[in-house]
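Reading through the structure tokens given below for one structure.
The values are calculated or read from the model by the stated rules, or taken from the named source; none is laboratory data. Source: prediction; values computed, not measured. Here the Cβ positions follow ideal geometry from the backbone for every residue, glycine too, while neighbour counts run over all protein chains shown. Heavy atoms of the whole protein, side chains included, go into the accessibility calculation; ligands, DNA and RNA do not. Shrake-Rupley method; radii C 1.70, N 1.55, O 1.52, S 1.80 Å.
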Amino acid sequence: MVLGAAVMGGCWLAVSLAGGGASPAGKTFSTRGTLTLADSSLSFLAEGEDCTGPDGYSDIQRGAQVNVTGADDTLVATGELEGGKKTALGCEFPFAIEGIPQGSKFYTVEVSHRGGLTQTEEELRSGGLAFTLGDD
């Protein structure tokens, strides 16, 4: 029994030291981006006004979840949309995601349930991730 515990402990240590799918030494990074909702029903708003997703886009609003999954399709970090502001392009929602573990071959970022964009770590680190959703 003691031998079994020693073997299991040794295996755990070897996997931990080898990385075991976790980020290198627990290191993380962050990213920023925007989701622009291009919807003609928002045309009555002046630039700079607060806005949210109308009708079929009612899930696009402050607090909507932004998920990051790793190459193994495991959720690794979350963020949320900040408040939307009307721009020339539509209603723009900035977001930031902290604590993304390093070392995945790629990451997929998804806002609400709207499908994801797949990026490399380098692309995510550079920020400027831009989603566009809508009819315009």
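Any residue at all in region 97-105 that is of a type outside the set (S, T, N, Q) and free of Cβ contacts under 8 Å to residues at least 40 places away in the same chain? Even if it seems obvious, please write down each step before you answer.
Step one: of region 97-105, the residues of a type outside the set (S, T, N, Q) are 97-101, 103, 105.
After this cut, where a residue has to be free of Cβ contacts under 8 Å to residues at least 40 places away in the same chain as well, the list is 105.
Yes: region 97-105 contains one or more residues that are of a type outside the set (S, T, N, Q) and free of Cβ contacts under 8 Å to residues at least 40 places away in the same chain.
Which of the residues belonging to region 87-114 are among the aliphatic types (A, V, I, L, M) and open to solvent by less than 60 Å² (accessible area, probe 1.4 Å)? Step through it out loud before you land on a result.
Step one: list which residues in region 87-114 are among the aliphatic types (A, V, I, L, M), which gives 88-89, 96-97, 100, 109, 111.
Once the filter is applied, which keeps residues that are among the aliphatic types (A, V, I, L, M) and open to solvent by less than 60 Å² (accessible area, probe 1.4 Å), region 87-114 yields Ala96, Ile97, Ile100, Val109, Val111.
Inspect all residues belonging to region 69-84 and state whether any of them is without any contact (Cβ under 8 Å) to a residue 60 or more places away in the chain and closer than 16 Å to Ser41 by Cβ. Spell out the reasoning first.
To start, the set of residues in region 69-84 that are without any contact (Cβ under 8 Å) to a residue 60 or more places away in the chain comprises 69-84.
Then keep just the ones that are closer than 16 Å to Ser41 by Cβ; that gives 84.
Yes, there is a match, as at least one residue in region 69-84 is without any contact (Cβ under 8 Å) to a residue 60 or more places away in the chain and closer than 16 Å to Ser41 by Cβ.
One residue is enough: does region 38-45 have a residue meeting the conditions of a type in the set (Ser, Thr, Tyr), open to solvent by less than 70 Å² (accessible area, probe 1.4 Å), touching a residue at least 12 places away in the same chain (Cβ under 8 Å) and within 14 Å of Leu129 (Cα to Cα)?
From region 38-45, those of a type in the set (Ser, Thr, Tyr) are 40-41, 43; that's our starting set.
From the residues that got through so far, the ones that are open to solvent by less than 70 Å² (accessible area, probe 1.4 Å) too are 40-41.
The next check asks that each one be touching a residue at least 12 places away in the same chain (Cβ under 8 Å); those that pass are 40-41.
Restricting the remaining residues to those that are within 14 Å of Leu129 (Cα to Cα) gives none.
Within region 38-45, not a single residue is of a type in the set (Ser, Thr, Tyr), open to solvent by less than 70 Å² (accessible area, probe 1.4 Å), touching a residue at least 12 places away in the same chain (Cβ under 8 Å) and within 14 Å of Leu129 (Cα to Cα).
Within region 4-55, track down each residue that is among the small types (Gly, Ala, Ser) and at pLDDT 90 or above.
The first filter runs over region 4-55 and keeps only residues among the small types (Gly, Ala, Ser), leaving 4-6, 9-10, 14, 16, 18-23, 25-26, 30, 33, 38, 40-41, 43, 46, 48, 53.
If the condition is that a residue be among the small types (Gly, Ala, Ser) and at pLDDT 90 or above, then Ser30, Gly33, Ala38, Ala46, Gly48, Gly53 are the ones that fit.
For residues in region 115-136 being among the charged types (D, E, K, R) and either without any contact (Cβ under 8 Å) to a residue 24 or more places away in the chain or open to solvent by less than 30 Å² (accessible area, probe 1.4 Å) (or both), which is farthest from Gln61 (Cα to Cα)? I'd like the intermediate steps shown before the answer.
Applying the first criterion (among the charged types (D, E, K, R)) to region 115-136 yields 121-123, 125, 135-136.
Those left that are additionally either without any contact (Cβ under 8 Å) to a residue 24 or more places away in the chain or open to solvent by less than 30 Å² (accessible area, probe 1.4 Å) (or both): 122-123.
Numbers: Glu122: 28, Glu123: 25 Å.
So, considering only residues that are among the charged types (D, E, K, R) and either without any contact (Cβ under 8 Å) to a residue 24 or more places away in the chain or open to solvent by less than 30 Å² (accessible area, probe 1.4 Å) (or both), the one farthest from Gln61 (Cα to Cα) is Glu122.
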